[in-house]
Every structure is written in structure tokens, then in C-alpha cells.
Amino acid sequence: MKNLNILSKIILLFCFLSSCIQLVNAQKLSESAKVSVITVDPGKELNDVFGHSLLWIYDPANGVDRAYNWGVYDFSTPNFYWRFIQGTLPYKMEYRPIGDYIAYYQYMKRGMNEQVLDMALAQKQRILDELDKTYNDPAKRTYQYKFFTDNCATRVREAIVVACTDSVHFANLQTMSDTTFRQWMNKSLYTGDMRWPAVAMNIALGSEADERTTQFEANYIPANLHRSLGAAKRMTHGVLRYLVDTEAPLYALAKEEVKPMPFFLQPAFFFLMVLLFTCWKTYDHWKRRQKGYNLDKILFSIAGFIGWILVFLWFGTNHGVTENNKNILWALPFHLPLIFRLREKNGESWYVYYFVVTGVASALALVFVAPYMIELVLIVLTLLVRSMYHVGFEREHRLTMNKFRKVIKGRKMQVINYDNEE
């Protein structure tokens, strides 16, 4: 019994000390504290083309200088590249003094714009406390990155909404409504002159990318979050006030204009040349009464290879945006290796059905991919031209061969004996 009393006293003492430690660690903000959203300009690399968002809490009176960043991942993670491809690589939050980020982004020649939020002290304290809870919990510090719904910008937005509860009102901006996730993505890619990556990303994305976004959802782009916060208002004591108190760049930086890629190096020009070459070659095959399967083996094997990649992204990854991909209609996986079974001579009857299916699927794909980008339209048209040519050619060839067989079968062959001739 005595031992139990001693044990209970030890437990009580441990709980008391833990609460004391938590009180000491709980950082209290002063009236001079400020909470700012830092929007980083897009960079020249693909992973930087969408920009970046930070949440900065600064209180010189209490020595607080924390710029929270949700775009961090650890290269030492086991199976890093494979998990990155699968979409299971954990991202995490961290904070550093704002000077570290200023030095880095100045070196990278990317501007940083600060929006100081007009928040009550209790709201500033709440946002710091919530961020501390998240940071001190390893299970919450890491998260599953989702391109459209959970990234560095949406995490900043959610932190502000949690701190201000229902007092924040996002103004309705006409230029930020009735647009899809894909269209916002393409706008950023085209602004950064990322034409080839835009083709690859539009092929890889599924139907979720074509959902209409609300202004709130469009904030997955840091520049959109910046605009939304600039027009947002906060209700305080029955009065609406702008959420952003002041806005200014953190440092002067001369913006470099992005030099557009020459047109002859752009994917639109390349795929247009492929389409024109295919049309010319198809006409040449028609004049020569040739099938031209060698050209088809190149075109359809590439399409089939892309199709298998789409299958993997659809069923083998967890990106959340690669399911239900309509591009698989033109990138049919069975093209590879089925296209290599076609022979110039002694064609089989299933050839025509193969190209009928391919042609119908390509025609349907043309309807779905037309709103995406002109490059995909050119790709589908190339496959459609070859499919329709073979549908007509194979049918005509089969009818001709059947007619020839009937004529040969019904004809009586005469045997001439030259030995009896004088």
C-alpha cells in the first residue's frame, strides 16, 4: 500500500513537470507580432513553375521568426524515387528564419511578396499554437501531398481559415471562377513556357483535372491564393475589414522576361509535321496500293507504350489525379505488341476489325481531348488518319481477294499437250 502511494506521487509529479514544460514551450505572442503570407514567384524549373507559399510569424519582442514551409521532402527516405513515382512520398512541414528563404530565393532570382494579415492577437496566437501542435506531432508534420487539393498553398489557406474560424469571407472574383484544375495548371505551364512538360502532364492527368473549381479550390496555385487573400475580408465586431493589411515585396528584384521557345521547337509544330507527313505517306501508300504497316508500327507502338504508362499511373500509383484517364482511348495499351503481328502479305481477316476499333476509339478520344490542348488533337488525328485508311484498304483488299478466289474456283483449267503438236 505504501509503495502504491509512492508510485501515485511520482505519477502526479511527472504530470506536473510535463505541464510546466508545455507552458514554458508554449510561445506567447506580443501585440507587435505579425502573421504574413509570403508568395514566391515561379522559377525556371518545372517543380518551381507554379510558385510557392510560406506562412511567416514574426514577433521581435519575443524572438519569434518562423517561416513555415509545407513543400519539404527528405531525400534519405527509403525507396525515395520509387515512392515519388508512386505518389506515396511523404511531404512535411518545417520552419526557418525568413532570412534563410530570402537568401535562397534571391540567389535563385525569384521574387517574394509579403501580405501582412489584419488579425486579432488571439487569432495570431491560435495560428501559432495550431502550427506548434502540428510540428511537434510527427504523424501530423508529414502529409500525403496532392497536387490539386493538398499542397503548400492549400496548407497556408487552411491554417488561416482555422485561426479565423468563420470570420473570413473570400470575395467572389469573376476571373477566378468557372475554370478547371487543368486549365489553371496549363496557364502556369504556358506562362513559364513549359510546352513539352504541359503535353506530358495533360496526357497523364485523369478526369478529376477537368472538374470545375470554385475560387476557394483554385487557391492550390500560390498566385491564386495571393489574389484571393488580397480581396478577402474579415468580420470583426460586426464590421468587414480587408484581411490583408499591407502588401509589399520583401526585396527589389528586376524581373527577367521568359524568352519564348522558338515555334519550330514547340510540340505543336512537331506534332503538326508528324500529322502532315502521315497524311502524305498515307496518300503515297494509297497510290501504290500498299498497306504501309512499317509506319503504323512506329506510331501505334509509341501510342501503346504511352497507354501502358497510363495504366500504371491509373492503377499503380496514388497521385489522386491520374485515374479515369480518357487519353487511354487513343493510347490503347493493346497496340503494343499487337501492332507487330500485322504483315504486309497474307493479311488476316481480324486486321480490319482491329483498325475499326482503333478508329472509333480515336474518334471518341478526339472529342474528349480537344478542350485540353491543340497538341493532343494533332496526335489523335495522326492515329485516326492511319486507322481510317486501313479500315477502307483492308476491307477493299479482303473483298478483292474473295472475288479473286471465287473466279479461280469456278474457272476450268485447260491443259495443253505440246507433244501432240506437229
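Here are a few things to note about the model shown:
- Counting only residues that are part of a helix (DSSP H, G or I) and either among the hydroxyl-bearing types (Ser, Thr, Tyr) or open to solvent by 30 Å² or more (accessible area, probe 1.4 Å) (or both), the range 126-156 holds 13 of them.
- Selection status of THR175, open to solvent by 40 Å² or more (accessible area, probe 1.4 Å), on the phi > 0 side of the Ramachandran plot and without any contact (Cβ under 8 Å) to a residue 24 or more places away in the chain: no
- When residues in the range 84-122 are screened for being within 17 Å of ASP65 (Cα to Cα) and free of Cβ contacts under 8 Å to residues at least 60 places away in the same chain, 8 of them pass.
- Odd one out for VAL40, checked against (1) surrounded by 18 or more Cβ atoms within 10 Å (Cβ to Cβ); (2) within 30 Å of GLN123 (Cα to Cα); (3) at pLDDT below 90: (3)
- Residue in the range 103-114 that is among the hydrophobic types (A, V, I, L, M, F, W, C), in a helix (DSSP H, G or I), open to solvent by 20 Å² or more (accessible area, probe 1.4 Å) and within 26 Å of ALA252 (Cα to Cα) present: yes
- Filter result for MET93 (at pLDDT below 95, under 30 Å from TYR251 (Cα atoms) and over 24 Å from the mean Cα position of the chain (by Cα)): no
- Some residue of the range 52-65 being assigned to a loop (DSSP other than H, G, I, E, B), in contact (Cβ under 8 Å) with a residue 12 or more places away in the chain and either open to solvent by 70 Å² or more (accessible area, probe 1.4 Å) or of a type in the set (Lys, Arg) (or both): no
- Selection from the range 209-231 of residues that are in a helix (DSSP H, G or I) and of a type in the set (S, T, N, Q): ASN219, ASN224, SER228
- Helices (runs of 4 or more DSSP H) within the range 232-350 that include 3 or more residues in contact with a Leu (Cβ under 8 Å, 6 or more places away or on another chain) and crowded, with 18+ Cβ neighbours inside 10 Å: 267-288, 293-315
- Residue that is farthest from PHE181 (Cα to Cα) [pool: residues in the range 213-231 that are at pLDDT below 90 and open to solvent by 40 Å² or more (accessible area, probe 1.4 Å)]: PHE216
- Candidate set: the range 196-207, residues that are in contact (Cβ under 8 Å) with a residue 24 or more places away in the chain and surrounded by fewer than 19 Cβ atoms within 10 Å (Cβ to Cβ); chosen: the one farthest from MET235 (Cα to Cα): TRP196
- Number of positions in the range 75-102 that are under 30 Å from LEU128 (Cα atoms) and of a type in the set (A, V, I, L, M, F, W, C): 5
- Checklist (1) at pLDDT below 90; (2) within 40 Å of the chain's Cα centre (by Cα) applied to SER387, failing item: (1)
- Note on the range 66-83: residues that are aromatic (Phe, Trp, Tyr), under 20 Å from the mean Cα position of the chain (by Cα) and surrounded by 16 or more Cβ atoms within 10 Å (Cβ to Cβ) amount to 1.
- A residue that is without any contact (Cβ under 8 Å) to a residue 24 or more places away in the chain and closer than 24 Å to ALA370 by Cβ cannot be found anywhere in the range 222-239.
The values are calculated or read from the model by the stated rules, or taken from the named source; none is laboratory data. Since this is a predicted model, take the numbers as computed values, not measurements. No Cβ is skipped: glycine too gets one built from the backbone with ideal geometry, and neighbour counts run over all protein chains shown. Accessible surface is based on the protein model in full, side chains and every heavy atom, while ligands, DNA and RNA are left aside. Shrake-Rupley method; radii C 1.70, N 1.55, O 1.52, S 1.80 Å.
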